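The values are calculated or read from the model by the stated rules, or taken from the named source; none is laboratory data. Keep in mind the model is a prediction, meaning the values are calculated, not measured. When we count neighbours, we look across all protein chains shown, and the Cβ atoms used for this are built from the backbone with ideal geometry, even at glycine. Heads up: the accessible areas ignore ligands, DNA and RNA and are worked out on the full protein's heavy atoms, side chains in. Shrake-Rupley method; radii C 1.70, N 1.55, O 1.52, S 1.80 Å.
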Amino acid sequence: MRMYDIIEKKRDGKELTPQEIKYFISEFCNDKIADYQVSALLMAIYLNGMSQAEIAELTLAMAKSGDTVDLSAIDGIKVDKHSTGGVGDKTTLIVAPLVAAAGIPVAKMSGRSLGHSGGTIDKLESISGYRTSLSRTRFIDSVNKIKIAIVGQTSNLVPADKKIYALRDVTATVGSLPLIASSIMSKKIAGGADAIVLDVKTGSGAFMKNVSHAKELAKAMVNIGNNLGRKTAAVVSNMDQPLGYAVGNAIEVKEAIDTLKGKGPKDLEELCLILGAYMLKLAGRNGEIDELKKELRQLINNGEAFEKFRQMVINQEGNIDMIDNPTLFPEPKLKIPVKAEKDGYITRIKTDSVGIASMVLGAGREDKDSAIEPDVGIMLEKKVGDRVKTGDTIAWMYANHDYKVQVAEKIISGSYSIEDKESEQKPLVIDVIS
Ligand code: URA
């Protein structure tokens with residue numbers, strides 16, 4: 001078999017065989033195929049797409065490229081949750097303890113931030129001492145004992161994805177449906193969960209800006225999951241503005257704590273209840289989604305969801321005093337307002353730009369080796385639909401360096417559209433595919 005022929009076939013819009021897909025993944029992982037040839041194939045996939053069968057085969061080949069996690073020693077149906085990536089998306093920090101408080105085991109492996117989108121592991125590391133790496137035995141024992149553990153992905157989980165993602169990132173091929181679907185689902189399949197709830201983001205802060213593309217991605221991933229024996233559902237949700245108000249790391253953990261106590265932003269709480277309800281449903285709970293949402297709301301009201309988060313932090317050796325008294329989280333040196341430049345209604349927030357501004361301030365990483373500053377980020381003051389007057393604060397920049405503030409301020413100002421009339425907004429949940 002020759003890589004040249006595989007590239008040529010995909011360039012001409014033909015369907016690759018399972019053997020060709022397996023060959024390309026295994027040879028690339030063994031460094032037998034050059035980056036430039038794989039880049040060419042990725043561009044051909046970007047331009048010509050893949051059939052459902054090809055996507056499923058690619059996912060499976062990628063999932064098998066490294067370690068696979070066996071969660072069979074954990075009692076019950078293990079349900080995973082995954083977001084396709086957004087800005088201010090701290091849902092895992094809320095949904096995981098919420099669902100665990102309802103008795104469903106959550107053995108979660110999460111990722112780090114890249115580009116404009118944040119990562120759960122970076123957020124958790126703003127809790128001093130929190131261990132994002134546990135031995136396999138301790139991970140399993142934790143979930144059996146307290147129903148929850150959130151750790152980082154092991155370094156050898158889907159190495160094919162790491163190598164392919166690095167090329168996609170520099171060849172303008174990130175936004176390809178088959179490549180996103182196989183990237184996400186290979187990690188979920190290798191992660192060992194029995195069922196998966198996907199939060200597929202759409203809008204200016206998402207990889208899939210367009211609703212119909214996001215729905216297609218959701219359907220493709222639900223198909224892959226179900227075909228590979230994992231019950232899968234997808235919620236397509238709005239990422240036309242950041243979720244909640246906090247965008248960063250420590251400030252997102254604080255907002256998650258507020259939400260677990262029933263005092264969080266309404267959009268964030270609502271999305272967490274919906275994702276959690278679908279997780280319960282896939283775990284086999286009886287009842288309509290609305291009833292399951294009510295059950296989860298009750299666990300927020302009676303303090304059990306917050307208590308579950310506390311138990312997780314204690315179990316993973318994080319400083320519990322910070323959770324009980326969030327003023328102990330590190331504070332940045334500077335808190336600088338961004339002001340509205342005119343009167344009117346906020347009609348649009350270019351959300352990927354807010355994510356980039358947060359990254360510029362130090363909350364995210366431009367490449368995989370960049371260091372994170374846990375205390376910095378952006379605290380929005382105004383969101384879409386709010387009325388402002390010239391000079392009102394629309395957002396606060398939390399920073400440690402003046403030169404970063406100057407760059408971020410321009411980006412944030414430019415990301416807000418202020419107009420005379422209110423604009424119509426998409427709903428928070430656009431569709432559910434199950
Ligand atoms: N998240 C992933 O894990 N992979 C992608 O390709 C996009 C978002």
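Specify the inter-centroid distance of segment 51-73 and segment 395-434, based on alpha-carbon positions, in whole Å.
36
Once Lys and Arg get +1 and Asp and Glu get -1 on their Cβ, which of VAL200, GLY118, PRO242 lies farthest toward the positive end of the dipole of the chain?
Of VAL200, GLY118, PRO242, it is VAL200.
Compute the accessible area per residue over segment 331-419, keeping the other protein chains in place, probe 1.4 Å, unit Å².
Counting only protein heavy atoms, the per-residue value for segment 331-419 is 47 Å².
Order of 398-407, 322-331 by packing, highest average Cβ count within 10 Å first?
Put in order of decreasing packing, that is 398-407, 322-331.
Let me have the 222 nm mean residue ellipticity of the chain computed from DSSP H runs of 4+ only, each contributing -39500 (n - 2.57), with the sum over all residues rounded to the nearest 500.
It lands at -14000 deg cm²/dmol.
How far, in nm, would the chain grow between ALA172 and ASP5 when pulled straight, counting 0.36 nm per residue and subtracting the alpha carbon separation?
57.9 nm
Can you compute the charge dipole magnitude of segment 190-250 about its Cα centre, using +1 on each Lys and Arg Cβ and -1 on each Asp and Glu Cβ, nothing else charged? Give it in debye, rounded to the nearest 20.
120
Could you calculate the FRET efficiency of GLN406 with THR154 from 1/(1 + (r/R0)^6), where r is the beta carbon distance between them and R0 is 60 Å, rounded to 0.05?
The calculated FRET efficiency here is 0.90.
Specify which residue in the list ASN156, ILE104, VAL38 is farthest towards the positive end of the charge dipole of the chain, using unit charges on the beta carbon of Lys, Arg (+1) and Asp, Glu (-1), about the Cα centre.
Of the options given, the answer is ILE104.
Given a Förster distance of 51 angstrom, what is the FRET efficiency for TYR36 paired with ASN286, based on the Cβ-Cβ distance and rounded to 0.05?
0.40
Send over a whole-number figure in Å² for the accessible area per residue of segment 79-324, probe 1.4 Å.
On a per-residue basis, 31 Å².
Just the number, please: percent antiparallel of the DSSP beta bridges in the chain, rounded to the nearest 5.
Approximately 55 percent, going by the DSSP bridge assignments.
In debye, nearest 20: dipole of segment 331-419 around its Cα centre with unit charges on the Cβ of K, R (+) and D, E (-)?
Approximately 260 debye in magnitude.
Tell me which trypsin sites (Lys or Arg not before Pro) from segment 301-363 have a DSSP coil assignment and no more than 14 other beta carbons within 10 Å of their own.
Sparse-neighbourhood loop trypsin sites (Lys or Arg not before Pro): LYS333, LYS342.
How far, in nm, would the chain grow between LYS333 and ASN227 when pulled straight, counting 0.36 nm per residue and subtracting the alpha carbon separation?
33.1 nm
Between ILE77 and ARG138, with labels modelled 7 Å along Cα→Cβ, what's the label distance in nm to one decimal, could you check?
Rounded to a tenth, the inter-label distance reads 3.1 nm.
Based on the mean of other beta carbon atoms within 10 Å per residue, what is the order of 43-52, 250-259, 86-95, 278-287, most packed first?
86-95, 250-259, 278-287, 43-52
Extension gain GLU304-LYS342, at 0.36 nm per residue separation less the Cα-Cα distance, in nm?
Between GLU304 and LYS342, full extension yields an extra 9.2 nm.
Please work out whether the chain counts as rounded, prolate or oblate from its C-alpha gyration tensor, where a ≥ b ≥ c are the square roots of the eigenvalues and a/c under 1.5 means rounded, while otherwise a/b larger than b/c means prolate and anything else oblate?
Oblate shape, in that a/c is at least 1.5 and b/c is the bigger or equal ratio.
Report, please, the projected area of segment 172-222 averaged over directions, based on the convex hull of its C-alpha atoms, in nm².
3.6
At 1.4 Å probe size, with the rest of the protein present, what percent of the exposed accessible area of the chain is carbon and sulfur atoms?
48
Can you tell me the dipole magnitude for the chain around its Cα centre, using point charges on the Cβ only (Lys, Arg +1; Asp, Glu -1), in Debye to the nearest 20?
So the dipole magnitude of the chain works out to roughly 440 debye.
Can you give me the distance in nm between label points at SER434 and LYS294, each placed 7 Å from the Cα along the Cα-to-Cβ direction?
With each label point 7 Å from Cα toward Cβ, the separation is 1.6 nm.
Once the dipole of the chain is set up with Lys and Arg at +1 and Asp and Glu at -1 on Cβ about the Cα centre, which of LEU71, LEU275, ILE378 lies farthest towards its positive end?
Of the candidates, LEU71 comes out farthest on the positive side.
Distance from the Cα centre of segment 316-381 to that of segment 98-161, in angstrom?
22
Can you give the FRET efficiency to the nearest 0.05 for GLU381 and ASP321, using r as the Cβ-Cβ distance and R₀ = 41 Å?
Plugging the Cβ-Cβ distance into 1/(1 + (r/R0)^6) gives 0.90.
Just to confirm a number: summing +1 for Lys and Arg and -1 for Asp and Glu over residues other than SER126 whose beta-carbon lies under 13 angstrom from that of SER126, what do you get?
-3
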